[in-house]
Amino acid sequence: MEKMVETTRRLVDELISSTDTPREETRKHEIKHEINRLLDEMLLSLEKREPESSSSPEEEEQVVTPFVVSVKDGGKIDYDKVIEKFGCKRIDESLIDRVERLTCRKAHVFLRRGFFFAHRDLDEILDAYERGKKFYLYTGRGPSSESLHLGHLIPFMFTKYLQEAFKVPLVIQITDDEKCIWKSLEPKDSRKLGTENVKDIIACGFDVTKTFIFSNFGTVGGCSKFYENMVEVGKRVTVNKMMATYGITGEDPAAKISFPAVQAVPSFSSSFPDLFLGNDKLPCLIPCAIDQDPYFRMTRDVAPRLKYIKPALIESKFLPALRGKNGKMSASDANSAIYINDSAEDIKRKVNSAVTGGRDNLEDQIKYGANLEEDIPFQYLSFFLEDDAELEHIKKEYGEGRMQSGEVKKRLTQVLTEVVERHRKARAAVTEEMVDAFMAVRHLPSKFE
């Protein structure tokens, strides 16, 4: 249906491209506006329509949006259903093999172990790259806490790998305005959190010659093309569609209606004329968590109507909360997450309190082995233990009852302490001058080297 809508809009554009009298031109544009409005209403009705025969209580009780991620009664997220609902595609082995072939390096652990599991048009990005056409990366961070937790860090760790593997530029958006709108923070507080988060992001090791970090409060108003694109996106999305897509109600601040366009336009290279020197047809790949998909479904619908390339996405699962798989790590619950500023004792305490899949007693553990699907420490090891052979050994021994939960927690504590300590040292080396360098509006002359 989306392809039919896109084709219809393209034909309308072709229809009005011919030259007529001023009066006829005005009428054509009126007709185009009305057709686009009707098409938006059609898409909206399809999004709101519930399947009458295939819906189940599990589908109704699972919520994955940019603002809420939860499963009722402590269940786990069914990612197959998320893919089906959102309409994205699962990343298969052939796509991973192709990434390895094109980059001449082993795929990142997050990719080869299925943590980044879904995509939109990643195959098309790879097709273009194989033909010699470059692209850029875009990701972001909404500053809701002074320190990042590991769930926040994962997209940046993966984005760093993509930047190095493909040798492409990167823009990182700090949505300090979003947190004022949704979290009711004062602008000065949101700006302060954003600055602290930028230091954590820089500490991931990004290349300053290929990376531009910007805050919405600090940059958007000063770039006329960025704002122009925001207005153009806003003109092409109805209020009804915004409300249905993002769960906005009549009681919400009006600013919630305008924000999605702010997050959309960094995926258009024309929004950064200083960085890309007028190349407004540069494809964009967005690494993000799956809950951000609604923002970019809207963006992908609008892009062809602006004669821009649809952004591609590569999407991740959520790092589960330490106390269970319901939802994801949350900045609002300090005990559900490992923070970059946690001490070694904090990490040990939190890991020891994590939900495990071990049996109730030693006899049953030896007899049946652990339930690895429910074991949070093992899930964390699958994200952060880079040694494939060691992970496979733990999986076999723990799953078959020859290893106990305490041993797995001890190993995880070691791994996470190393990750946090390594990042803490890198962050301590980040200076205000480095922050200024990454956030300076500038051309990136060596962005594809």
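The values are calculated or read from the model by the stated rules, or taken from the named source; none is laboratory data. A quick note: this is a predicted structure, and the numbers were derived from the prediction, not measured. When we count neighbours, we look across all protein chains shown, and the Cβ atoms used for this are built from the backbone with ideal geometry, even at glycine.
Key figures for this structure:
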quantity	calculated
Count - residues of the range 124-141 that are under 19 Å from S94 (Cβ atoms) and either surrounded by 12 or more Cβ atoms within 10 Å (Cβ to Cβ) or of a type in the set (D, E) (or both)	7
Residue match in the range 154-162 (condition: buried (at least 21 other Cβ atoms within 10 Å of the Cβ), farther than 28 Å from I347 by Cβ and of a type outside the set (D, E))	no
Test for S184: is it closer than 23 Å to D388 by Cβ and out of contact with any helix residue (DSSP H, G or I) (no Cβ under 7 Å at 6 or more places or on another chain)	no
Every residue from the range 74-101 that is in contact (Cβ under 8 Å) with a residue 60 or more places away in the chain and more than 18 Å from Q292 (Cβ to Cβ)	G74, G75, K76, V99
The range 341-364, residues that are more than 25 Å from N197 (Cβ to Cβ) and in contact with a Lys or Arg (Cβ under 9 Å, 6 or more places away or on another chain)	K348, N352, S353, A354, V355, T356, R359
Unique match (being over 30 Å from L385 (Cβ atoms) and modelled with pLDDT of 90 or more) among G114, G87	G87
Residue count, the range 246-305 (criterion: surrounded by 18 or more Cβ atoms within 10 Å (Cβ to Cβ), among the aliphatic types (A, V, I, L, M) and without any contact (Cβ under 8 Å) to a residue 60 or more places away in the chain)	5
1 or more residues of a type in the set (S, T, N, Q) and in the same structural domain as Q173 (by TED's automatic domain parsing): qualifying helices (runs of 4 or more DSSP H) within the range 239-312	239-246, 255-264, 293-302
Top-ranked residue in the range 61-104 [being of a type in the set (S, T, N, Q) and in contact with a strand residue (DSSP E or B) (Cβ under 9 Å, 6 or more places away or on another chain); ranked as surrounded by the fewest Cβ atoms within 10 Å (Cβ to Cβ)]	S70
Qualifying residue in the range 361-375 (condition: modelled with pLDDT of 90 or more and not aliphatic (A, V, I, L, M))	yes
Of all residues in the range 142-195 being among the charged types (D, E, K, R) and modelled with pLDDT of 95 or more, the one that is farthest from G114 (Cα to Cα)	K167
Subset of the range 63-78 [of a type in the set (S, T, Y) and in a loop (DSSP other than H, G, I, E, B)]	T65
Scope the range 425-442; condition exposed (fewer than 15 other Cβ atoms within 10 Å of the Cβ) and part of a helix (DSSP H, G or I); matching residues	K425, A428, E432, E433, D436
